[in-house]
1. Can you name every residue in the stretch 1-26 that is part of a loop (DSSP other than H, G, I, E, B) and either small (Gly, Ala, Ser) or free of Cβ contacts under 8 Å to residues at least 12 places away in the same chain (or both)?
2. If a residue has to be within 21 Å of Cys192 (Cα to Cα) and surrounded by fewer than 12 Cβ atoms within 10 Å (Cβ to Cβ) to count, how many in the stretch 53-96 make the cut?
3. Pick from Ala146, Ala109: which is buried (at least 24 other Cβ atoms within 10 Å of the Cβ), part of a helix (DSSP H, G or I) and at pLDDT 95 or above?
4. Can you report the number of residues in the stretch 326-358 which are touching a strand residue (DSSP E or B) at 6+ places or on another chain (Cβ under 7 Å) and among the small types (Gly, Ala, Ser)?
5. Return a yes/no flag: does the stretch 27-39 have any residue that is more than 26 Å from Gly302 (Cα to Cα), in a helix (DSSP H, G or I) and charged (D, E, K, R).
6. Residue pairs, Cβ under 6 Å, 6 or more apart or interchain, first in the stretch 347-369 and among the acidic types (Asp, Glu), second at pLDDT 85 or above. List them.
7. Within the stretch 237-251, can you find the residues that are surrounded by fewer than 16 Cβ atoms within 10 Å (Cβ to Cβ) and in contact with a Leu (Cβ under 6 Å, 6 or more places away or on another chain)?
8. How do the pairs read when you match residues in the stretch 102-124 that are in the same structural domain as Gln211 (by TED's automatic domain parsing) with residues anywhere that are buried (at least 19 other Cβ atoms within 10 Å of the Cβ) and charged (D, E, K, R), using Cβ under 6 Å and keeping only pairs 6 or more apart or on different chains?
Amino acid sequence: MRIIVAPDSYKGSVSALCTANAMEKGIKAVFPEAEVIKVPIADGGEGTVEALVAATDGQMIYQNVVGPLGDMVQAYWGILGDKETAIIEMAAASGLPLVPKDKKDPRIATTYGTGELIKAALDRGLRKIIIGIGGSATNDGGCGMAQALGGSFLDSDGQELPFGGAALAKLDRIDLSGMDMRLADTVIMVACDVDNPLCGPKGASAVYGPQKGATPEMVAELDAALGIFASKAQEVTGRDVAEQLGAGAAGGLGAGLLFFTNAKLQPGVEIVLMTTGFESLVKSAQLVITGEGRTDFQTAFGKAPVGVAKLAKKYNVPTLCLAGGLGQGYEDVLEQGIDGLMSTVPGPIALDECIERGAEFIEMGAKRLCQIVKVGMQMKGMVES
């Protein structure tokens, strides 16, 4: 039997790679002769770099960059196994987890460090870059990213604006003459799983600003500033992207990448599955097991497990989902290609313990799942006989 395990990370508990390893142990306890192929996946957010580096036998790279609040942080990115493609998570350089809870302020947070990671990839001669843009602390429209790559954002006195989205209220002129020329020859794929425009009630500031520390007054200030930015950026680039789906992702980094690079926005799970070669692997599989930390109605809108299941369904391969928890509307995934699902949690247990014992519970859950599969195989044999 050939079984593919293709889980996302159980965020805050177990990485996608560790989840895949734990699933393999549980499977082997029931089907010791099974061939288990591990394809850790992600949807462009936390864990994307690790998942793709592991799946392609690539290389992790660590370096210091400017963090979201302007101080230095250690970030990471990866080179895939083809040695031609860089994989970057903007959250590793400009993410909300890098900001202490009492210092959240999207008015001053910058994507400069993300631009430094892009530059590092260019410096290594890489001309294909995948960028996951989930989990940002920023609301600067990607201006910090562009500044790190040679762009200038100037006020009416010709002075460079300070970091942060609030400063864009004073934006008078954008000078792209110093932008890194290598970007013109670089293919950039952006893993983006939201469809928000840049501005307005469904825009970057209104929808995501509050979780980054923005008060209602800040939201209005930042939204107006991004409106000025969009107008000036359209003038200098000739690109009208503010209303494009995903422009408001990561505090407007989606728009910044569309304005200042040749980037294309795509659903994150599609990029990941394509990069890992999942489709070629699933053709000859008998079963796929996927999973994530929590499966609920949101999963049905294209999160990683559903992306896996839809591709498996193309080849009539059944897909089971092993989730850390089942939330409201989890049944919706049964209409999106997932054939059955189970929680890893064996009983009433505190959340902290579930997180701490995540890998253990995943292994136990995979074992229980496979025991049920084994019974089904036996029953099929009885019916056929």
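The values are calculated or read from the model by the stated rules, or taken from the named source; none is laboratory data. On a predicted model such as this, the values are computed, not experimentally measured, just so you know. FYI the Cβ positions are ideal-geometry reconstructions off the backbone, even for glycines, and counts take in every protein chain you see.
1. Ser9, Gly12, Ser13, Ser15 - these are the residues of the stretch 1-26 that are part of a loop (DSSP other than H, G, I, E, B) and either small (Gly, Ala, Ser) or free of Cβ contacts under 8 Å to residues at least 12 places away in the same chain (or both).
2. The number of residues fulfilling the criteria is 0.
3. Going through Ala146, Ala109 in turn, the sole match is Ala146.
4. Residues flagged as touching a strand residue (DSSP E or B) at 6+ places or on another chain (Cβ under 7 Å) and among the small types (Gly, Ala, Ser) within the stretch 326-358 amount to 5.
5. Yes.
6. These pairs meet every condition: Glu363/Ala22; Glu363/Lys25; Glu363/Gly26.
7. Those that are surrounded by fewer than 16 Cβ atoms within 10 Å (Cβ to Cβ) and in contact with a Leu (Cβ under 6 Å, 6 or more places away or on another chain): none in the stretch 237-251.
8. Once the first residue is in the same structural domain as Gln211 (by TED's automatic domain parsing) and sits in the stretch 102-124, its partners that are buried (at least 19 other Cβ atoms within 10 Å of the Cβ) and charged (D, E, K, R) give Lys104/Lys212; Pro106/Lys212; Thr110/Asp140; Thr111/Asp140.
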